[in-house]
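So the structure is just underneath, and the comments pick up after that.
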Amino acid sequence: MTDASMEKIVSLAKRRGFIYPGSEIYGGLSGTWDYGPLGVELKNNVKQLWWRMFVQERDDMCGLDAAILMNGKVWEASGHVSGFSDPLVECKKCKRRFRADQVEDKCPECTGAFGEVRQFNMMFKTQVGATDDASSVSYLRPETAGGIFVNFKNIVDSFHPKLPFGIAQIGKAFRNEIAPRDFVFRVREFEQMEIEYFVRPTEWEDAFEEWRKNVHAFNEAVGIPSSAVHELEVPDGERAHYSKRTIDFEFDFPFGRKELYGLAYRTDFDLSAHSQSSGVDLKVIDKEGEAPITPHVVEPSFGVDRTVLAILASVYTEDELGGEPRTFLKFNKAVAPIKAAVFPLLKNKPELVAKAREIYNMLKKEVPQIMWDDNGNIGKRYRRQDEIGTPYCITVDFDTLGDPSKNSGQENLELKDTVTIRDRDTGEQERVSIDSLVSRII
Ligand code: ATP
């Protein structure tokens, strides 16, 4: 589909400061990755786009940022303490451990025989405070959803939203995956963007359809082509313990077709379980004069890291420009970590540098994600920006200063206060006025 292979993506991501292996100078920590300066911009763009699309631009959504550590009882009530596990097998010979559903009947490392399959709980257990007893046990949240259900009553009491309405949250989640793999696809610490959309019990199918469309709309917005996203109806017996219907949105990753996002109908499982376990009534009055009801919930769940990886795989491109091979990232403008780069044609001409700085500062006030580069020749700078996916490069030359004699000798004073702007995808340059730059790069 694209020119992307995992090796190429991982290597570019490291070299150009998108994503580094976690704790690298200590030999790493399996299942963790650190986002570098460009990676964090990309990730923030993705999150901001999501928040804007699903929270700020809608009237039926509230945002939330709940604590990662929660009372341990939350995860007992939600069923995660008893049921959030993957099947684990251990090789009798080399003692290596694997996810039972990912291996055949012999150890892939040493062909030894496996012991019994047992359930391995994926939550990271921790202790809160100095007392070491059962009451101090807590977990790093395995999904952000828990914080939403526990704050349901708070939000209803503060805002009195009418059904249907949703609560959205972006934040870290942690799973002690048995076999982290495939770069940031399966990690132990990741970020989720989740929505619990509360509906009347009879309305869940409409909401499910609406969110199915919204998932595709989000993919379009971040530049993940719909042709690479496939819906999978998850059959009975394979869904999470809380779900009556789930669709997985799978993406054609370089290592195969795998889950990008999930959409689940969680019924009233969570609100009922938390109500029962906490003793707090979590019902709402839907119609005056009628008995209060427990809303049902439709949950679209988006992984930030898998989004970043799907974007990288979608935009990674190799082509030839001016007879030379090149690698570039075809980010759309909305997610590109850098929107434009500004260059003085020559680094050792103070008048060019001063004018380029002036333009850089002016642009940076309007569009913060702007980069300065005066290193090496212009061709090299273009290639460097292509490789990090910068849509536009802006060059300040002698024409900009109204000093055409120093340029091509072209006596055209009308070129004063114009610059060249080069398009990443075509490599074509155009002369435009400085005044038009902001509207072009936004
Ligand atoms: P998988 O089957 O791949 O383990 P899951 O079905 O357990 O995923 P969900 O519980 O539906 O995943 O989590 C919702 C979303 O969170 C996923 O669609 C994915 O985008 C993200 N996610 C889940 N686990 C991980 C992980 N270990 N690393 C990165 N992202 C994850």
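Computed from the coordinates by the stated procedures, all read-outs in this text should not be read as laboratory data. Predicted model only: the values in this text are computed from it and were never measured. Here the Cβ is made from the backbone with ideal geometry for all residues, glycine too, and neighbour counts use every protein chain on show.
Antiparallel beta bridges, as assigned by DSSP with both residues in the chain, represent about 85 percent of the total such bridges. Spacing of the modelled spin labels on Cys94 and Arg239, each 7 Å from Cα toward Cβ, amounts to 3.9 nm. Listed from fewest to most Cβ neighbours within 10 Å, the set Ile378, Ile178, Ile167 follows the order Ile378, Ile178, Ile167.
Quick test of the membrane-span-like rule: which DSSP H helices of the chain reach at least 18 Å along their long axis (C-alpha atoms) with mean Kyte hydropathy at least -1.0? Counting only whole DSSP H runs, the qualifying helices are 37-51, 204-222, 350-366. Can you check what the net charge comes to around Gln276, using other residues whose Cβ is under 15 Å from the Cβ of Gln276 (Lys, Arg +1; Asp, Glu -1)? With Lys, Arg at +1 and Asp, Glu at -1, the net is -1.
The label-point distance for Ala113 and Arg383, in a model that sets each label 7 Å from Cα toward Cβ, rounds to 5.8 nm. For Lys93, the aspartates and glutamates whose Cα comes closer than 14 Å to its Cα, not counting residues fewer than 8 places off in the same chain, are Asp105, Glu109, Glu116.
Every pair of different Cα atoms in the chain enters the Kirkwood calculation, which places the hydrodynamic radius at 24.9 Å. Summing +1 for each Lys or Arg and -1 for each Asp or Glu among the other residues whose beta-carbon sits under 11 angstrom from that of Tyr35 gives -3. Were the residues from Ser433 through Arg15 laid out at 0.36 nm apart, the gain over their Cα-Cα distance would be 147.0 nm. The distance separating the Cα centre of segment 71-97 from that of segment 129-201 comes to 18 Å. Amide H contacts for Val342 (H built 1.01 Å from N in the peptide plane; partners 5 or more residues away or on another chain; cut-off under 5 Å): Met371, Trp372, Asp373, Ile394. Of the residues Thr144, Thr32, Thr267, the one with the fewest other Cβ atoms within 10 Å heads the list, and the complete ranking is Thr32, Thr267, Thr144. The H on the amide N of Leu260, modeled in the peptide plane, is under 5 Å from the matching H of Phe249, Glu250, Phe251, each at least 5 residues off or on a different chain. By other beta-carbon atoms within 10 Å, ranking His230, His296, His80 with the fewest at the front produces His230, His80, His296.
Listed by chain and number, the lysines whose alpha-carbon sits under 19 Å from that of Lys380, ignoring those within fewer than 8 places in the same chain, are Lys330, Lys339, Lys347, Lys349. The charge dipole of the chain, taken about the Cα centre with unit charges on the Cβ atoms of Lys, Arg (+1) and Asp, Glu (-1), comes to about 1340 debye, rounded to the nearest 20.
Taking Pro344, Pro254, Pro87 as the candidate residues, the one with maximal mean-square fluctuation in a Gaussian network model of the chain, Cα springs under 10 Å, is Pro87.
Along the positive direction of the dipole of the chain (beta-carbon charges: Lys, Arg +1; Asp, Glu -1; about the Cα centre), which of Phe218, Leu309, Val89 reaches farthest? Sorting the options by dipole projection puts first Val89. Among beta bridges from DSSP that stay inside segment 338-441, the antiparallel ones total about 55%. Candidates Asn121, Trp75, Val396 compared by Cα position along the dipole of the chain: farthest toward the positive end lies Val396, with charges placed on Cβ. Just Leu260, Leu401, Leu309 to compare: in a GNM of the chain, with alpha carbon springs under 10 Å, which one fluctuates most? Of Leu260, Leu401, Leu309, the most mobile in the Gaussian network model is Leu401. Net charge of the neighbourhood of Arg181, taken over other residues with C-beta under 15 Å away and scored Lys/Arg +1, Asp/Glu -1, is -1.
Over the chain, dividing the summed -39,500 (n - 2.57) contributions of all DSSP H runs of at least 4 residues by the number of residues returns a 222 nm mean residue ellipticity of -8000 deg cm²/dmol.
Stokes-Einstein diffusion for segment 338-441, with the hydrodynamic radius set to the Kirkwood value over Cα pairs and evaluated at 10 °C in a medium of 1.306 mPa s, equals 117 µm²/s.
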